[in-house]
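Have a look at the structure below, then the notes.
The values are calculated or read from the model by the stated rules, or taken from the named source; none is laboratory data. Because the structure is a prediction, the values reported are computed rather than measured. Note that we place each Cβ from the backbone using ideal geometry, even for glycine, and neighbour counts take in every protein chain shown. Just the protein is used for accessible areas: all its heavy atoms, side chains included, with ligands, DNA and RNA removed. Shrake-Rupley method; radii C 1.70, N 1.55, O 1.52, S 1.80 Å.
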Amino acid sequence: MRYLVRAFMVVAMLIVSLDAKEMDAKELISKMIDAYGGKEKVALLNSYEQFWTIQSQVRDMNGTDSRKVILPSYLYTHIQYPTRSQTRILDKDRGVKHSNGTGKEVNGAMLDAMRLQLFRLYSPLELDKHATYIKVLDDKEYYILSLKIGNTTTNYYLLKGLYLIDKVVGELKVQGKSMKFTTLYRDYRSVEGVQMPHLEIKYASDINTAIMRLKATRFKR
């Protein structure tokens, strides 16, 4: 009986030890890199273009989203609906927004919101560059990588055992109040060897704003 109790305690301590090691940001991100396809394939996420369809949940209309990503600091997004369009360009610390052909430079909270849109697209390799500054949180279902940059905080929710991003919650402060933007990632598929979600479900606060489906991806080598 004593032998069984001692064996149980050894196993329990081993599990706790493994969990503690998995809670290290560097190790978690290393597991992410493997889960997404390995370092060579994940490097494809440094520069790419995508074409999405959008099903608006707040307006009775559908549209398209054309996206160009160059990590770590460039994001181009063009959203087209039947009666209106919008283009957003973030290039390092400069943000420009065009609505129906009229453009203006943005600052403050609107610029931070554009930054959050880029941060949510950070690849595991890009996160690895920030590992020293990432705080790791834990709950029953997820490992949570929390990255604070300037006035923004981005939380990446990794599914335990899979190490794929299940959702990203971006947060910024506007006049002392917190605003949250959540994207759920579903329907992961391999694209040239790297895992990519083909379904994005977007929320502003608790309001479901859009459902997006990936139609094409082109990597820039």
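Are any residues in region 119-161 of a type outside the set (A, V, I, L, M, F, W, C) and in a loop (DSSP other than H, G, I, E, B), and if so, which ones?
The answer is ARG120, TYR122, SER123, HIS130, ASP139, LYS140, GLU141, GLY150, ASN151, LYS160, GLY161.
Of all residues in region 172-185 being in contact with a strand residue (DSSP E or B) (Cβ under 7 Å, 6 or more places away or on another chain) and in contact (Cβ under 8 Å) with a residue 24 or more places away in the chain, which is surrounded by the most Cβ atoms within 10 Å (Cβ to Cβ)?
Among residues in region 172-185 that are in contact with a strand residue (DSSP E or B) (Cβ under 7 Å, 6 or more places away or on another chain) and in contact (Cβ under 8 Å) with a residue 24 or more places away in the chain, the one surrounded by the most Cβ atoms within 10 Å (Cβ to Cβ) is LEU172.
Working only within region 165-195, note down all residues that are at pLDDT 95 or above and in contact with a Leu (Cβ under 7 Å, 6 or more places away or on another chain).
Within region 165-195, ILE165, ASP166, LYS167, GLY170, PHE181, ARG186, ASP187, TYR188, GLU192, VAL194, GLN195 qualify.
Scan region 186-210 for residues that are of a type in the set (Val, Ile, Thr) and either open to solvent by less than 30 Å² (accessible area, probe 1.4 Å) or free of Cβ contacts under 8 Å to residues at least 40 places away in the same chain (or both) and jot them down.
Correct list: VAL191, VAL194, ILE201.
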